[in-house]
Amino acid sequence: MLHITRDKGIPFIDRMASSAAWVENIGRAQASAFYVDGDATRANEEGARVLATLVVEGVGRKLRSSPCGSRVGPASMRMGSKEPAAVSSSPGHFG
């Protein structure tokens, strides 16, 4: 799929790579707390939040690197809020 998106110029967020990097960063033992017992493929509720944050960070990187990136509002602002969101620039560090 990645080669198709590159050939067509379609932005692609590699969730597998970002989640693997996150697991590598915190270690398999610690990462297991974010998955359903005995199943390293199904995230529990907290794990789903972590994985969703990784996707949001990926979207932010794609937007900032796109031709319209300079016209995109601050990535740290939540829609409808004037307060900055707790967004980390590195996988595995959530505030």
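What follows is calculated from the coordinates using simple rules that are stated; it is not laboratory data. These numbers come from a predicted model, not from an experiment. Quick reminder, even Gly has a Cβ in these numbers, built from the backbone with ideal geometry, and neighbours come from all protein chains shown.
I'd like the residue in the stretch 17-31 that is surrounded by fewer than 14 Cβ atoms within 10 Å (Cβ to Cβ) and aliphatic (A, V, I, L, M) and, out of all such residues, is nearest to R42 (Cα to Cα). Top of the filtered list is A20.
When the residues of the stretch 32-54 are filtered to those that are loosely packed, with under 14 Cβ neighbours inside 10 Å and closer than 19 Å to D14 by Cβ, the one that is nearest to the chain's Cα centre (by Cα) is A52.
Sub-9 Å Cβ pairs linking a first residue in the stretch 33-57 that is touching a residue at least 40 places away in the same chain (Cβ under 8 Å) and closer than 16 Å to A21 by Cα to a second residue that is β-branched (V, I, T) and in a loop (DSSP other than H, G, I, E, B), at least 6 apart or interchain, are T53/V87; V55/I13, ordered by first then second residue.
If the condition is being surrounded by 13 or more Cβ atoms within 10 Å (Cβ to Cβ) and either of a type in the set (A, V, I, L, M) or in contact with a Gly (Cβ under 8 Å, 6 or more places away or on another chain) (or both), then the stretch 1-14 contributes I13, D14.
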